[in-house]
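Below: one structure, written as structure tokens.
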Amino acid sequence: MGNLLKVLTCTDLEQEPNFFLDFENAQPTEAERETWEEVDVVLKDALGILDELQAYKGAGQEIREAIQNPNDEVLQDQAWAAVVPLVGKLKTFYEFSQRLGTLASFS
């Protein structure tokens, strides 16, 4: 790490920095292991969360139709059926953001 800092703070521009960082094969030290394991679990969940966020469409249309037609039970039921699963997804997104916030406290 000291060599990396030396290269990054180098003011001698005639020398090109020459270093290699192998992030793919990096292994945590014993002191870092607990933190690494907690971060690893969250990162593994991140891909699924990102996929869900990108596919999230909301239920705006169903909600608007239900509000515009408050006496239409079919539209009310459709809106409810569209909203309930989204509440679960939003809870998942929120809980994931909380986990990310916890990870930020490690730095």
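The values are calculated or read from the model by the stated rules, or taken from the named source; none is laboratory data. Note that the structure is predicted; figures quoted are calculated from it, not measured. We place every Cβ from the backbone using ideal geometry, glycine too, and count neighbours over all the protein chains shown.
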(message) Cβ-Cβ under 7 Å, sequence separation 6+ or interchain: first residue in region 68-95 and more than 28 Å from residue 50 (Cβ to Cβ), partner modelled with pLDDT of 95 or more and among the charged types (D, E, K, R). Which pairs?
(response) 75/65; 78/62
(message) Condition check: modelled with pLDDT of 90 or more, assigned to a helix (DSSP H, G or I) and either surrounded by 11 or more Cβ atoms within 10 Å (Cβ to Cβ) or under 27 Å from the mean Cα position of the chain (by Cα) (or both). Does residue 50 satisfy that?
(response) yes
(request) Give the residues of region 53-101 that are surrounded by 13 or more Cβ atoms within 10 Å (Cβ to Cβ), among the charged types (D, E, K, R) and within 24 Å of the chain's Cα centre (by Cα), sorted by residue number. (result) 89, 99
(message) I'd like the residue in region 79-107 that is of a type in the set (Gly, Ala, Ser) and outside any helix (DSSP H, G or I) and, out of all such residues, is nearest to residue 67 (Cα to Cα).
(response) 105
(request) Would you mind stating whether residue 57 is assigned to a helix (DSSP H, G or I) and among the charged types (D, E, K, R)? (result) no
